[in-house]
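Reviewing the structure listed below.
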Amino acid sequence: VFGCGVGNNSEGGRGLGGESLTRAGLHGASGGLGPGIATGLRFPDDHRVHPERLMAAAARAAVVAGVLLLEDTPVLELETGGGRVRGVRTTSGTMAAEITLLAAGCWSAGLAGRLGGVPDTEPIRGQMVMLSTPALPTSDVLFADDCYVLPRGADHVVVGATMERAGFDSSPTAA
């Protein structure tokens, strides 16, 4: 993962161990960059996954392990008793569970409410586009001050250019 021409190490506080790169080091490590890119940061310990494939694999593994998955069934509240979570109340009714996994992203703190121990998280609205492209000279994610480029397979890239603190508003903004 590379940050190109960035003004600060925005990932440095996350323990990713960024390395500063000179123009020669950056262009040698990730060919095909424009001549205007003079500096960069490399995060060799950062990794990425394909979210759709990860979720499909996790769902298959869970079902094989005997987990009941209910898609499109919003959880309204965690059911508690005896100092622990005992299940969930959903739009389809209440379901008891010996083990409950809270994995609701930025909605987790709201569901956990009085239980505590769940860090506050904030939704970030972003907009991106996937483009067909000939083979890229790099497989690294490239970050700049105002966008990122994420290679996806041999012939596609995802270009993201916005990150907005918009609360839970998921509506797209005008291009």
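The values are calculated or read from the model by the stated rules, or taken from the named source; none is laboratory data. The structure displayed is predicted, hence computed values, not measured ones. Cβ atoms come from the backbone with ideal geometry, glycine included; neighbour counts cover every protein chain shown. Protein only, heavy atoms only, side chains kept; ligands, DNA and RNA dropped before computing areas. Shrake-Rupley method; radii C 1.70, N 1.55, O 1.52, S 1.80 Å.
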Most positive-pole-ward Cα, Leu68, Ala24, Thr133, against dipole of segment 20-171 from beta carbon charges: Leu68
What figure, in Å² to the nearest 10, do you get for the accessible area of Val67 with a 1.4 Å probe and non-protein molecules left out? 70
From largest accessible area down, sort Thr80, Thr22, Thr90; use a 1.4 Å probe on the protein chains. Thr22, Thr80, Thr90
May I have the extent of the alpha carbons of segment 107-175 along their three principal axes, as whole Å values ordered from largest to smallest? 52, 28, 20
Excluding Thr90 itself, what net charge comes from residues whose Cβ is under 12 Å from its Cβ, given Lys and Arg +1 and Asp and Glu -1? -3
Each residue of segment 148-160 in turn: what ³J(HN,Hα) in whole Hz from Karplus with 6.51, -1.76, 1.60 and θ = phi - 60°, glycine and Pro shown as x? 9, 10, 10, x, 10, x, 7, 9, 9, 9, 9, 10, x
Using a 1.4 Å probe and counting only protein heavy atoms, arrange His156, His47 so the residue with the most accessible area comes first. His47, His156
Note, Thr162: beta-carbon cut-off 10 Å, +1 each Lys/Arg, -1 each Asp/Glu, net -1
Residues meeting the amide H criterion for Thr90 (H placed from the backbone, H to H distance under 5 Å, 5 or more places apart or on another chain) are Leu76, Met95
How far is it, in nm, from the label point at Ala61 to the one at Asp120 when both lie 7 Å from their Cα along the line to the Cβ? 3.3
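Roughly speaking, what is the stretch gain from Phe168 to Asp72, that is 0.36 nm per residue apart minus the C-alpha to C-alpha distance, in nm to one decimal? Don't jump to the answer; show the numbers that get you there.
Values: separation 96, 0.36 × 96 = 34.56 nm, distance 1.81 nm.
So the extension gain works out to 32.7 nm.
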Cα-based Rg of segment 92-138 per 2.2 N^0.38 Å, rounded to two decimals? 1.96
Work out Dmax and Rg for segment 51-175 from the C-alpha atoms and quote the Rg first, both in angstrom. 19.1, 59
